[in-house]
Amino acid sequence: MTAFSRLSCVMIQPLLTRVVRRIAARHPSLFARLGPHQATDFLIDPIELPFALHLRPDPDALVFRAVPRDAAPEPGALIRGKFMLLLELMDAEEDGDAAFFSRDLEISGDTEAVVRLRNALDDVDGSIADETAAMFGAPGRAILARLRRNYPTQETGAFAP
Amino acid sequence: MSLAELICPAGTPAALRTAVDAGADAVYCGFQDATNARNFPGLNFTPDELADAVVYAHAKGTKVLLALNTYPPAGKVDLWRQAADTGARLGVDAFIVADMGVADYIAQTHPQVRLHLSVQAAASSPEAIRYYCERFGVKRVVLPRILTIPEIKQVRKDIPCEIETFIFGNHGLMVEGRCSLTNYLTGQSTNMDGVCSPASDVEYKRDADGTMSSQLAGFTIDCFGPDEKAGYPTICKGRYTAPHRPDAYYAFEEPVSLNLSRLLPELIDAGVHAFKIEGRQRSKSYVRGVVTAFRHAVDDIRAGRPADMANLVALTEGQKQTQGAFETKKWR
Amino acid sequence: MAVTDMTKLTLGPIAYHWSAEERRDFYARIADEAPVDEVYLGEVICSKRAPFHEPDLPDTIARLERAGKTVVLSSLAEVMLKRERKATADLAEMDAPEIEINNAAGLYARGDRPHRIGPFMNAYNEATIAWMARQGASHVCLPAELPGEAIAIAAKAARDLGLGVEVQVFGRASLAVSARCYHARAHGRTKDNCQFVCEDDADGMPLCTTDERVILRVNGIQTQSESYVDLLPEMPQLASVGVTHLRLMPQAVDMVAVAQVFRDALDEKSDSRDAEQALKDICGDVAFSNGFYHGQAGYRRIALTTAS
């Protein structure tokens, strides 16, 4: 599992780097809303994926990388949930309050950091997921569509093959 | 029949555009500082953002109401005055105020801008409301969430201004503008700093058995079983024990959300001029869903059609909801 | 403390539902023994309680005035029901004694006739105080959560306008009021059928977190601090910035002794450490706090540096 996890991280990293740079360039106001938490290490943990995501939203030294869970840094704030739920939260398609209170989402560490990140992302118009998918043209959009199909409901988290 | 304007929350510029596009008659928002009661991290507007927001909203016929609804502590009054000056310059349609000094300043300096009395002023009787109307020229009062519909109807007859009531969202019973609970535990004040259980003091602690406690400044506000729905550690929504209550209970109120969708026709009939949706701290998906559903319902009612209430009820599906004080006074 | 003869000690209105008999005894002792200059009377928290002790008011007023105390009648903090509106309007018609107003409904009824502004009126700043002074306010009691720096500015503004300025220096702080009665709720009742269960808790009903820390006190519709505010050490500062009145809130302890401790401290008859110890002895194991004054969490106890 660990080897698989490390391999996954290596494979996905170039994509993550491209995605985050693109988003940062297109949505500079996002960083202002993060305020002092530009320097905070966020660990975003999609429970079904073989790795977690480490985000440090510092506009001058942006970090967004896939890390095996056992090699993840001690985060300032942790956000854990099903991948599709996290994706929807990022797009503000899902209401963070509702998700958290239903306990589909788990947060720990610096709560203010999470609230700032949530509010910063919420101020982005449109869909970051769609934007990301579009970066990879038709194949990208197809992958996202398939992902969304595969998670028909986030209540059950049912994963249709 | 009253106009039944829909007053919608906007915590960010994106949420504001979402609310406008979803059919809000007016949006309310605040600056990124202590001048409003939702001074939460990462939320609210810079003056530049508000300028753009006013242009966007006005282009679509939506009004912008600026919340200046906190109480400046002595020595810091200028921050509120500057916020009012900025709002007036940017062309906001009304100020929502609570502090008498702030109300007086706006009435003197920006008499062309409407004054709305915030729920934070806690004006819950015709006499209190008339005081603000006669002394400051207040045009609308946001009523505390503690009156029944017959009481609202009576108040309407006894006051010279419009009434705005909350119809959806967070349900609080503490008299707003008179609560120092957060300051008692955290050192940050709801009235002076615009915060309520600030995120910087919030921590969730999980035990190995799956139970979780929500803490504020190190005080346990609530504790949840592994499958129990969790809540934010708002002091008045916590569970405590008392001498007669050895098992922790909701000493103040159940964590429920207000949903008056079923009472909309009666509220309109009672003369309520504007319906307020709570939730500047909520996401734009919440704003989109709630505003869209209430827009349809209000339009239907105004056109004399039966409104489809199912959508509105579904907004809080699975969560506890209440019609609060509005239906009965038994809760008191 | 050269300002001693200017600085008055006051006794705030009883927040709890003490019985008529307890109140009679209490005020008899206050009249005879307590070194306070002014006494606030009247029901501020719950209009349902008023009928129990209102009939005694004229006698109590007379008794206190005979003893040389200035009496002030305080109005309800929450005004919504018909009986509350009427009580407020009736109070506003009185010429004597002075009245303290705790709700805008009272301001409306009072017009520009002289009145005091109570702690529930949210007089947080100099602009609001100036406004209130223009409407006839002669005296203002500042909110319990106002920090020292703001108190200084507010006090100066009020003094410049000729107003008295009051700050609570002893007793539980009012943290919230509500339309709902939490005493009734704790006993599975509602406000309408409360059966006056709040009478059982002469010093409020403690609320305890699930990890067994007592943090709040319930008093009917009011929520109070668990700790007693104690600004004994801060009194010289308060007096020096122009605060004219220091308020002691009645708690279920020997209030005559409490008043004596504060009086002696004001008169510099005791050193501050002895005064603190005396207050502890009177109040038992209750926690003292002064966090609000120091701009910190209200429950905290901040030690003054010895330099002061």
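For segment B:101-118, what are the residues that are part of a loop (DSSP other than H, G, I, E, B) and either in contact with a Cys (Cβ under 7 Å, 6 or more places away or on another chain) or surrounded by 24 or more Cβ atoms within 10 Å (Cβ to Cβ) (or both)? Before you say what the answer is, go through the steps one by one.
Taking segment B:101-118 as the starting set, the residues that turn out to be part of a loop (DSSP other than H, G, I, E, B) are B:110-113, B:118.
Result: B:SER118, single match.
Considering B:ARG206, B:ARG288, B:ARG282, the condition of being more than 19 Å from the chain's Cα centre (by Cα) and either within 14 Å of chain A (Cβ to nearest Cβ) or touching a residue at least 12 places away in the same chain (Cβ under 8 Å) (or both) is satisfied by B:ARG206 alone.
Residues of segment C:128-141 being without any contact (Cβ under 8 Å) to a residue 60 or more places away in the chain and either buried (at least 24 other Cβ atoms within 10 Å of the Cβ) or basic (Lys, Arg) (or both), which ones?
Listed by number, the residues that qualify are C:THR128, C:ILE129, C:MET132, C:ARG134, C:ALA137, C:VAL140.
Each residue in segment C:148-160 was checked for being more than 7 Å from chain B (Cβ to nearest Cβ) and surrounded by fewer than 22 Cβ atoms within 10 Å (Cβ to Cβ), and 5 of them qualify. Total residues in segment B:110-123 satisfying the condition of being under 22 Å from B:MET192 (Cβ atoms) and in contact (Cβ under 8 Å) with a residue 24 or more places away in the chain: the figure is 8. Only one of these is modelled with pLDDT under 95 and either out of contact with any His (no Cβ under 7 Å at 6 or more places or on another chain) or within 11 Å of another protein chain (Cβ to nearest Cβ) (or both): B:GLY194, B:GLY172, B:GLY187. Name it. Within the list B:GLY194, B:GLY172, B:GLY187, the selection yields B:GLY172. Sort out which residues of segment B:253-276 are modelled with pLDDT under 95 and part of a loop (DSSP other than H, G, I, E, B), and write them in order of number. Within segment B:253-276, B:GLU253, B:GLU254, B:PRO255, B:VAL256, B:LEU260, B:ALA270, B:GLY271 meet the criteria. Scanning segment B:277-293 for residues that are at pLDDT below 90, in a loop (DSSP other than H, G, I, E, B) and either more than 30 Å from A:MET90 (Cα to Cα) or among the charged types (D, E, K, R) (or both) yields one hit, B:ARG282. Restricting B:VAL20, B:VAL64 to those that are within 14 Å of chain A (Cβ to nearest Cβ), among the β-branched types (Val, Ile, Thr) and surrounded by 24 or more Cβ atoms within 10 Å (Cβ to Cβ) reduces the list to B:VAL20.
Among the residues in segment C:231-242, are any closer than 30 Å to B:CYS236 by Cα and either over 15 Å from the mean Cα position of the chain (by Cα) or touching a residue at least 24 places away in the same chain (Cβ under 8 Å) (or both)?
Residues of segment C:231-242 closer than 30 Å to B:CYS236 by Cα: C:231.
Among the residues that remain, those that are also either over 15 Å from the mean Cα position of the chain (by Cα) or touching a residue at least 24 places away in the same chain (Cβ under 8 Å) (or both) are: C:231.
Within segment C:231-242, one or more residues are closer than 30 Å to B:CYS236 by Cα and either over 15 Å from the mean Cα position of the chain (by Cα) or touching a residue at least 24 places away in the same chain (Cβ under 8 Å) (or both).
Per-residue answers, yes or no, for (1) more than 20 Å from C:LYS69 (Cβ to Cβ); (2) modelled with pLDDT under 95:
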{"residue": "C:PRO13", "(1), (2)": "no, no"}
{"residue": "C:TYR16", "(1), (2)": "yes, no"}
{"residue": "C:SER19", "(1), (2)": "yes, no"}
{"residue": "C:VAL39", "(1), (2)": "no, no"}
{"residue": "C:SER47", "(1), (2)": "yes, no"}
{"residue": "C:HIS53", "(1), (2)": "no, yes"}
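In segment A:84-99, the residue that is nearest to the other protein chains (Cβ to nearest Cβ) out of those that are in a helix (DSSP H, G or I) and touching a residue at least 60 places away in the same chain (Cβ under 8 Å) is A:GLU88.
Can you pull out every residue in segment B:131-181 that is small (Gly, Ala, Ser) and crowded, with 21+ Cβ neighbours inside 10 Å? Walk me through it before giving the result.
First, pick out the residues of segment B:131-181 that are small (Gly, Ala, Ser): B:137, B:169, B:172, B:177, B:180.
Within segment B:131-181, B:GLY169, B:GLY172, B:GLY177, B:SER180 meet the criteria.
Report whether or not C:ALA87 is under 22 Å from B:THR148 (Cβ atoms) and either surrounded by 21 or more Cβ atoms within 10 Å (Cβ to Cβ) or more than 18 Å from the chain's Cα centre (by Cα) (or both). Lay out the reasoning, then the answer.
On the way: under 22 Å from B:THR148 (Cβ atoms): yes; either surrounded by 21 or more Cβ atoms within 10 Å (Cβ to Cβ) or more than 18 Å from the chain's Cα centre (by Cα) (or both): yes.
Yes.
Is it the case that segment B:215-224 has a residue that's at pLDDT 95 or above, part of a loop (DSSP other than H, G, I, E, B) and within 7 Å of chain C (Cβ to nearest Cβ)? Within segment B:215-224, one or more residues are at pLDDT 95 or above, part of a loop (DSSP other than H, G, I, E, B) and within 7 Å of chain C (Cβ to nearest Cβ).
Scan segment B:40-55 for residues that are in contact with a helix residue (DSSP H, G or I) (Cβ under 6 Å, 6 or more places away or on another chain) and either surrounded by fewer than 24 Cβ atoms within 10 Å (Cβ to Cβ) or not in a loop (DSSP other than H, G, I, E, B) (or both) and jot them down. Those that are in contact with a helix residue (DSSP H, G or I) (Cβ under 6 Å, 6 or more places away or on another chain) and either surrounded by fewer than 24 Cβ atoms within 10 Å (Cβ to Cβ) or not in a loop (DSSP other than H, G, I, E, B) (or both): B:PRO47, B:GLU49, B:LEU50, B:ALA51, B:ALA53, B:VAL54.
When each of B:ARG135, B:ARG145, B:ARG178, B:ARG130 is tested for being at the interface with chain C (Cβ under 10 Å from one of its Cβ atoms) and under 23 Å from B:PHE219 (Cα atoms), the lone residue that passes is B:ARG178. Of the residues making up segment C:14-73, just one is in contact (Cβ under 8 Å) with a residue 12 or more places away in the chain and at positive phi, namely C:GLY42. I'd like the residue in segment C:39-55 that is in contact with a helix residue (DSSP H, G or I) (Cβ under 6 Å, 6 or more places away or on another chain) and not in a strand (DSSP E or B) and, out of all such residues, is surrounded by the most Cβ atoms within 10 Å (Cβ to Cβ). Restricting to residues being in contact with a helix residue (DSSP H, G or I) (Cβ under 6 Å, 6 or more places away or on another chain) and not in a strand (DSSP E or B), the top hit is C:GLU43.
If the condition is being more than 9 Å from chain B (Cβ to nearest Cβ), more than 26 Å from C:LEU238 (Cβ to Cβ) and of a type in the set (D, E, K, R), then segment C:201-221 contributes no residue at all. Of the candidates B:ALA128, B:ALA121, B:ALA74, B:ALA98, the single residue that is buried (at least 24 other Cβ atoms within 10 Å of the Cβ), more than 22 Å from the chain's Cα centre (by Cα) and at pLDDT 95 or above is B:ALA74.
Is it fair to say A:ASN150 is more than 30 Å from B:ALA217 (Cα to Cα) and either at pLDDT 85 or above or not acidic (Asp, Glu) (or both)? Please lay out each step first, then the result.
Values: more than 30 Å from B:ALA217 (Cα to Cα): yes; either at pLDDT 85 or above or not acidic (Asp, Glu) (or both): yes.
Yes; evaluated as a whole, the condition is true for this residue.
Inside segment A:1-17, residues that are among the basic types (Lys, Arg) and under 17 Å from the mean Cα position of the chain (by Cα) make up a count of 0. Count, please, the residues in segment C:93-132 that happen to be in contact with a strand residue (DSSP E or B) (Cβ under 8 Å, 6 or more places away or on another chain) and hydrophobic (A, V, I, L, M, F, W, C). Number of matching residues: 10.
Residues in segment C:161-179 that are among the aliphatic types (A, V, I, L, M) and within 12 Å of another protein chain (Cβ to nearest Cβ): C:VAL165, C:ALA173, C:LEU175, C:ALA176, C:VAL177, C:ALA179.
The values are calculated or read from the model by the stated rules, or taken from the named source; none is laboratory data. From a predicted model like this one, the values you see are computed outputs, not experimental measurements. Cβ sites come from the backbone with ideal geometry, for glycine too, and all protein chains shown count toward neighbours.
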